[in-house]
Amino acid sequence: MSVKRIEHGHRYEDFEVGRVFQHHWGRTLTQADNTLFVSLTMHYNPLYVNAEYARTLGYESCPIHPLLVFNTALGLSVEDLSEGGGPFLGLGDVRFFRPVYSGDTLAAESEVLSRRLTASRPGWAIVSWRTRGYNQRQELVLEYQRTNLVRTRSAS
Amino acid sequence: MSLTGAESYFEDFTPGDVYEHSRGRTVTEMDNVLITHLTMNTASPHFNLHMMQGFMGGEFPERLVMGGYTIGLVVGLTSEDISENAVADLGYTNIRLKAPVFHGDTLYAESEILRLEESPVRPDCGVVHYRFRGRNQQGVEVVEGERTILVKKRAFWTEQ
């Protein structure tokens, strides 16, 4: 018998520039997720909740809202990138390449773009990554760059 | 019957115009915890109050609302006026989370039309670039960013 406590997450020292993380789990997105997300964010466009309207615009059915696709890729990346860290500071170049539909499965991976220690907050650093999300056919569906405050190993 | 508004077609947007969106929204614990877990986000500051009280020297009194939810809500508050007739979200950039959001904060949104472009592939639509800003009940800016959408042209999409 043993007692185990498994810590999750990485620190500044783990983020060598160019290192690639293939994130865990994957997530099959559903229309239930989509309806919940657009409802709780008050996103008023029938494209995401009215399948007949979506078909008049040329979609197969309601696409999953791109910000839910983004939030899911972000969520899948957290254990590797930011669970051991601090607040999310900003995002750039968020691009969507093709629609995601209910039943599609999203997987995410990230590459370290840059890291630097902060002068104003000892024990903390600013790290940027590029994250990409793929569907079950390995087609790129989105990419973005994210910047966070990240702890160093010396931080309490 | 029309499912979408008559005043948010591509032709209705003018660069420089500012929209003060009329609805606000109080962020609840349900919003933050539900969207954090629904998207499998494992960052404890969004859902572990006990841990948060010792985090970063106790700098934050409460769980932080997950930034991806704040972005989604502020964009949502702009959606009826700006993107109800959008057929696609093309992208976002220059997003800055400028101040923390907590359960109970009320967010309001403002948009500024930055520029308009023809679409190289969709003659029935045009591209609208706009800046969104979200402020809390004290007027403190919590998020800003730019969004690019593909919007229907009235000339192609409304009945003659």
Practice task
Provide a single number: the residues in segment B:1-21 that are within 11 Å of another protein chain (Cβ to nearest Cβ), assigned to a loop (DSSP other than H, G, I, E, B) and not polar (S, T, N, Q).
Solution key: 2
Exercise for the section: Could you please give the count of residues in segment A:99-154 that are in a loop (DSSP other than H, G, I, E, B) and touching a residue at least 60 places away in the same chain (Cβ under 8 Å)? Expected result: 6
Exercise for the section: Find the residue count for segment B:56-114, including only residues that are more than 9 Å from chain A (Cβ to nearest Cβ), in contact with a Phe, Trp or Tyr (Cβ under 6 Å, 6 or more places away or on another chain) and hydroxyl-bearing (Ser, Thr, Tyr). Expected result: 2
Completion exercise
A:Leu47: passes all of (1) in a loop (DSSP other than H, G, I, E, B); (2) without any contact (Cβ under 8 Å) to a residue 60 or more places away in the chain but (1)
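Go through segment B:22-102 and tell me which helices (runs of 4 or more DSSP H), entirely inside it, have 1 or more residues that are modelled with pLDDT of 95 or more and acidic (Asp, Glu). Give the steps one after another, and end with the answer.
Numbers: elements: B:29-38, B:49-52, B:67-82.
Because the criterion is at least 1 residues that are modelled with pLDDT of 95 or more and acidic (Asp, Glu), the helices (runs of 4 or more DSSP H) in segment B:22-102 that meet it are B:29-38, B:67-82.
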Handout entry: Some residue of segment A:24-39 being touching a Pro at 6+ places or on another chain (Cβ under 8 Å) and farther than 30 Å from A:Gly84 by Cα
Key = no
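Let me confirm something: among B:Gly91, B:Gly104, which residue is small (Gly, Ala, Ser) and more than 27 Å from A:Glu143 (Cβ to Cβ)?
Of B:Gly91, B:Gly104, the one residue that is small (Gly, Ala, Ser) and more than 27 Å from A:Glu143 (Cβ to Cβ) is B:Gly104.
Do the conditions hold for A:Asp80, that is, is it more than 20 Å from A:Val150 (Cβ to Cβ), of a type in the set (Asp, Glu) and modelled with pLDDT of 95 or more? Step through it out loud before you land on a result.
Details: more than 20 Å from A:Val150 (Cβ to Cβ): no; of a type in the set (Asp, Glu): yes; modelled with pLDDT of 95 or more: yes.
Spelling it out, it is not the case that A:Asp80 is more than 20 Å from A:Val150 (Cβ to Cβ), of a type in the set (Asp, Glu) and modelled with pLDDT of 95 or more.
Can you find a residue that is modelled with pLDDT of 95 or more, within 11 Å of another protein chain (Cβ to nearest Cβ) and crowded, with 20+ Cβ neighbours inside 10 Å anywhere in segment A:104-112?
yes
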Practice task
Might you check whether a residue that is under 19 Å from the mean Cα position of the chain (by Cα) and of a type in the set (Asp, Glu) occurs anywhere in segment B:6-16?
Solution key: no
Handout entry: Meets criteria (within 12 Å of chain A (Cβ to nearest Cβ), free of Cβ contacts under 8 Å to residues at least 12 places away in the same chain and over 28 Å from A:Asp93 (Cβ atoms)) for B:Gly24
Key = no
Completion exercise
Counting only residues in segment B:131-160 that are in contact with a helix residue (DSSP H, G or I) (Cβ under 6 Å, 6 or more places away or on another chain) and not aliphatic (A, V, I, L, M), the one surrounded by the fewest Cβ atoms within 10 Å (Cβ to Cβ) is identified as B:Arg154
Practice task
Six or more apart or on different chains, Cβ under 6 Å: which pairs go from a residue in segment B:141-160 that's touching a residue at least 60 places away in the same chain (Cβ under 8 Å) to one that's part of a loop (DSSP other than H, G, I, E, B) and of a type in the set (S, T, N, Q)? Could you list them?
Solution key: B:Val142/B:Asn136; B:Ile149/B:Ser83; B:Val151/B:Asn85; B:Lys152/B:Asn85
Practice task
Can you give me the number of residues within segment A:38-60 that are within 7 Å of chain B (Cβ to nearest Cβ) and aromatic (Phe, Trp, Tyr)?
Solution key: 2
Fill in the blank from the handout: Selection over segment B:92-124 where residues are surrounded by 13 or more Cβ atoms within 10 Å (Cβ to Cβ) and among the acidic types (Asp, Glu) yields a count of 4
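Restricted to segment A:95-127, and to residues that are β-branched (Val, Ile, Thr) and within 25 Å of A:Gln22 (Cβ to Cβ), which residue is farthest from the chain's Cα centre (by Cα)? Quick ask: steps written out before the conclusion?
Quick first cut of segment A:95-127, residues β-branched (Val, Ile, Thr) only: A:100, A:105, A:112, A:118, A:126-127.
Cutting the leftovers down to within 25 Å of A:Gln22 (Cβ to Cβ) gives us A:100, A:105, A:112, A:126-127.
Details: A:Val100: 15, A:Thr105: 14, A:Val112: 14, A:Ile126: 18, A:Val127: 15 Å.
If we take residues in segment A:95-127 being β-branched (Val, Ile, Thr) and within 25 Å of A:Gln22 (Cβ to Cβ), then A:Ile126 is farthest from the chain's Cα centre (by Cα).
Answer yes or no: is there a residue in segment A:80-91 that is touching a helix residue (DSSP H, G or I) at 6+ places or on another chain (Cβ under 7 Å), closer than 29 Å to A:Gly9 by Cα and of a type in the set (S, T, N, Q).
Going through segment A:80-91, the residues touching a helix residue (DSSP H, G or I) at 6+ places or on another chain (Cβ under 7 Å) turn out to be A:86, A:88.
When the remaining residues are screened for being closer than 29 Å to A:Gly9 by Cα, the result is A:86, A:88.
Now narrow it down to the ones that are of a type in the set (S, T, N, Q): none.
No.
Looking at segment A:6-37, which of the residues that are part of a loop (DSSP other than H, G, I, E, B), within 14 Å of chain B (Cβ to nearest Cβ) and modelled with pLDDT of 95 or more is farthest from the chain's Cα centre (by Cα)?
Step one: list which residues in segment A:6-37 are part of a loop (DSSP other than H, G, I, E, B), which gives A:6-11, A:15-19, A:23-26, A:29-30.
Next, only the ones that are within 14 Å of chain B (Cβ to nearest Cβ) stay: A:6-10, A:23-26, A:29-30.
Next, only the ones that are modelled with pLDDT of 95 or more stay: A:23-26, A:29-30.
Working: A:His23: 10, A:His24: 12, A:Trp25: 12, A:Gly26: 11, A:Leu29: 14, A:Thr30: 17 Å.
That would be A:Thr30.
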Practice task
Quickly run through segment A:75-103 and pick out the residues that are within 17 Å of B:Arg147 (Cβ to Cβ) and facing another protein chain (nearest Cβ under 7 Å).
Solution key: A:Gly90, A:Leu91, A:Gly92, A:Asp93, A:Val94, A:Arg95, A:Phe96
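The values are calculated or read from the model by the stated rules, or taken from the named source; none is laboratory data. Note that the coordinates shown come from a computational prediction; the quantities given were computed from them, not determined experimentally. Note that we place each Cβ from the backbone using ideal geometry, even for glycine, and neighbour counts take in every protein chain shown.
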